[in-house]
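The structure under discussion appears below in the form of structure tokens.
The values are calculated or read from the model by the stated rules, or taken from the named source; none is laboratory data. What you are looking at is a predicted structure, and each value in this text was computed from that prediction instead of being measured. Heads up, the Cβs are rebuilt from the backbone with ideal geometry, glycines too, and the neighbour counts pull from every protein chain shown. When the accessible area is computed, the model is the full protein with side chains, heavy atoms only, and any ligands, DNA or RNA have been set aside. Shrake-Rupley method; radii C 1.70, N 1.55, O 1.52, S 1.80 Å.
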Amino acid sequence: MYALVKDPHERLEAVTTLGAADAELTDELVGALNCFLADHDSNSLAEVLEQVPNAVRMAARQYLSNVPQPEVGALTEFGPVEVVRSAVYFSSNDEELEEYIQGAYMIGLGIRMQNERGVDGSVGWMLQLLSDEVTVPASSEPRTWSLPAEVKLLETWTSLRLTTGLGPVRSALGVAGTASDQGRMVRIHTLLHSDRDIDYEGSGTSEFVVDIFEAEIPLEEPDE
């Protein structure tokens, strides 16, 4: 059994070996290992490891002990979250941007977006699309995008606070646009907020999260 590592080039790392008598546990063990890497849920992993030989159990635990805590939002139970489109720029918060986000949202892509200020003072939006929405447990903070350490978070809005019939996409863009017009740094991302804390992957409500910071809109990064 091997782990696929991307750092940034793909390579395989040996984890453990299952004998013929335990081969039927392969899918269950792979699933438990993936889940542990994604959320460090040791209970589910322990249940599977109790079913395998001691040598397999020791090898799996040894491998996991050397794996660093993953970046928030980097993994699901099915493996790494891939960047589908690394950077798409929109010059304004308008119908074109709404249609683009709505399309990505409808097919289940993860969305990350931030406002940026150009050298001429104009404000636009940089958008990144991910291969999947990451699930968070019911009791966890609704966040799969780490907060930047250098700025202070002023407010977080989620689409669970919807009070109008505008829908999550237009509402999120409205909240973000208002804060951006006030000169504040804003970020938007999506996630799947589960209704469970145990075995929570794949169930719940898709949400938009808008983070408003006590900071000016950052300057766009120059092209390399």
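Go through (1) open to solvent by less than 90 Å² (accessible area, probe 1.4 Å); (2) modelled with pLDDT under 90; (3) farther than 22 Å from Thr17 by Cα one by one and return the number of the condition Gln69 breaks.
Every listed condition holds for Gln69 apart from (1).
With the structure loaded, tell me whether Gly108 is part of a helix (DSSP H, G or I), surrounded by fewer than 17 Cβ atoms within 10 Å (Cβ to Cβ) and small (Gly, Ala, Ser) or whether it fails that test.
no
Hey, among Ser203, Ser131, Ser194, which residue is open to solvent by 30 Å² or more (accessible area, probe 1.4 Å), modelled with pLDDT under 95, polar (S, T, N, Q) and under 24 Å from His40 (Cα atoms)?
Ser131
Can you tell me which residues in the stretch 10-40 are closer than 23 Å to Thr135 by Cβ and free of Cβ contacts under 8 Å to residues at least 24 places away in the same chain?
Listed by number, the residues that qualify are Asp27, Glu28, Ala32.
Going through the stretch 115-128 one residue at a time, which ones are open to solvent by less than 40 Å² (accessible area, probe 1.4 Å), under 14 Å from Leu173 (Cβ atoms) and not small (Gly, Ala, Ser)?
Asn115, Trp125, Leu127
Among the residues of the stretch 1-16, what is the count of those that are open to solvent by less than 70 Å² (accessible area, probe 1.4 Å) and outside any loop (DSSP other than H, G, I, E, B)?
The total comes to 3.
Residues of the stretch 17-45 being among the aliphatic types (A, V, I, L, M), open to solvent by 30 Å² or more (accessible area, probe 1.4 Å) and touching a helix residue (DSSP H, G or I) at 6+ places or on another chain (Cβ under 9 Å), which ones?
Of everything in the stretch 17-45, those that are among the aliphatic types (A, V, I, L, M), open to solvent by 30 Å² or more (accessible area, probe 1.4 Å) and touching a helix residue (DSSP H, G or I) at 6+ places or on another chain (Cβ under 9 Å) turn out to be Leu18, Leu37.
If a residue has to be open to solvent by less than 60 Å² (accessible area, probe 1.4 Å), polar (S, T, N, Q) and out of contact with any strand residue (DSSP E or B) (no Cβ under 6 Å at 6 or more places or on another chain) to count, how many in the stretch 134-164 make the cut?
Of the residues in that region, 2 qualify.
With respect to Ser92, determine if the residue is open to solvent by 30 Å² or more (accessible area, probe 1.4 Å), of a type in the set (S, T, N, Q) and modelled with pLDDT under 90.
For Ser92, the condition - open to solvent by 30 Å² or more (accessible area, probe 1.4 Å), of a type in the set (S, T, N, Q) and modelled with pLDDT under 90 - is not met.
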